[in-house]
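Peer 1: Here it is: the structure, laid out below.
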């Protein structure tokens with residue numbers, strides 16, 4: 001019997017290509033016995049782009065295009081590269097009427113079937129998420145928000161029934177509007193409202209390897225933080241269900257030819273509906289403080305120049 005897995009994503013014209021590539025990676029690594037049901041929240045997406053996204057539909061892949069309007073979030077204070085449309089995550093419980101769904105950002109690569117992640121029992125928890133190592137140790141976002149543990153909102157397993165019962169949408173919007181000093185578009189609000197009712201998931205479900213590397217976190221430190229026992233960064237990469245290309249916006253592989261996990265991303269780009277689209281990609285030359293000195297790992301693991309960093313001088 002086929003199992004249906006609900007997946008929610010958000011896109012606009014600016015992010016439609018990475019979103020399509022992320023969807024392609026999920027579909028390519030889907031187990032034959034599963035059905036992926038994508039709920040795609042689209043904000044001002046051109047007809048041509050919609051036609052391309054529709055090409056991903058097949059018998060075991062459903063796609064619901066749901067038009068949304070991000071204009072109500074125009075008053076939100078923007079202190080990040082993340083667009084205001086990301087705040088549409090707040091509306092997911094009211095838009096998707098299922099009891100449960102998996103939310104994923106567009107800047108990810110799905111490396112394995114999602115059934116194991118989707119089948120995690122959330123119990124009374126409203127959300128399942130992975131702690132943000134860089135956010136806690138590097139940026140101290142948890143202190144700014146006022147929570148002990150802080151999760152990354154790029155991959156969220158959502159208990160929609162319980163979120164609706166608790167009026168989470170209203171709470172999230174209120175939290176964001178009342179804290180204009182927060183740096184993250186939606187993530188701080190999610191943590192402020194939901195960190196106390198979060199089921200903490202294994203790092204392999206939201207592996208932010210480029211970000212760890214940019215902070216100089218070696219595998220020993222990663223293991224200590226996440227309570228894992230990986231022997232190397234390569235072992236973590238092989239075990240990852242989802243690789244999240246979080247970090248400095250300028251190193252994204254659809255923007256630069258030497259981007260983080262560029263070869264892997266290109267693999268799915270060439271299988272995507274945009275394979276015939278020529279990307280105008282530059283070269284990543286950040287004016288930042290260099291944290292990492294492990295150049296061999298930079299070349300081998302990420303396929304990029306050894307310049308992954310985050311902090312401006």
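Peer 1: Please give the calculated 222 nm ellipticity per residue for the chain, where each DSSP H segment of at least 4 residues contributes -39500 (n - 2.57) and the sum is spread over every residue; nearest 500 deg cm²/dmol? Walk me through the numbers on the way to the answer.
Peer 2: On the way: 12 runs with 89 residues, N = 313.
My calculation for the chain gives -7500 deg cm²/dmol from helical runs alone.
Peer 1: Using alpha carbons only, how many angstrom separate the centre of region 1-32 from the centre of region 100-179?
Peer 2: Value for the Cα centre distance between the two parts: 18 Å.
Peer 1: Under a 10 Å cutoff between Cα atoms, tell me which one of 266, 132, 188 has the largest fluctuation in the Gaussian network model of the chain.
Peer 2: Maximum among the listed residues: 266.
Peer 1: Sorted by mean Cβ packing within 10 Å, highest first, what order do the peptides 146-152, 276-282 take?
Peer 2: On the way: 146-152: 19.0, 276-282: 10.3.
Packing proxy ranking, top to bottom: 146-152, 276-282.
Peer 1: Let's test this: bin the Cα-Cα distances of region 34-177 at 5 Å from zero up to the farthest pair and state each bin's percent.
Peer 2: 2, 7, 15, 20, 23, 17, 11, 5, 1, 0
Peer 1: Quickly rank 107-113, 139-145, 60-66 as a protection proxy: mean count of other C-beta atoms within 10 Å, highest first.
Peer 2: The most tightly packed comes first, giving 107-113, 139-145, 60-66.
Peer 1: For Rg/Rh (Cα atoms, Kirkwood Rh), which listed value, [x] 0.97; [y] 0.93; [z] 1.06, comes from the coordinates shown?
Peer 2: Label of the calculated value: [y].
Peer 1: Take each of the peptides 39-49, 116-126, average the number of other beta-carbon atoms within 10 Å over its residues, and list them starting from the highest.
Peer 2: By packing density, highest mean first, the sequence is 39-49, 116-126.
Where a number appears in this text, it was derived from the coordinates with a stated rule and is not lab data. Remember, predicted model here, so these are calculated numbers, not experimental data. Counting neighbours? That spans all protein chains shown, and the Cβs are built from the backbone with ideal geometry, glycine included.
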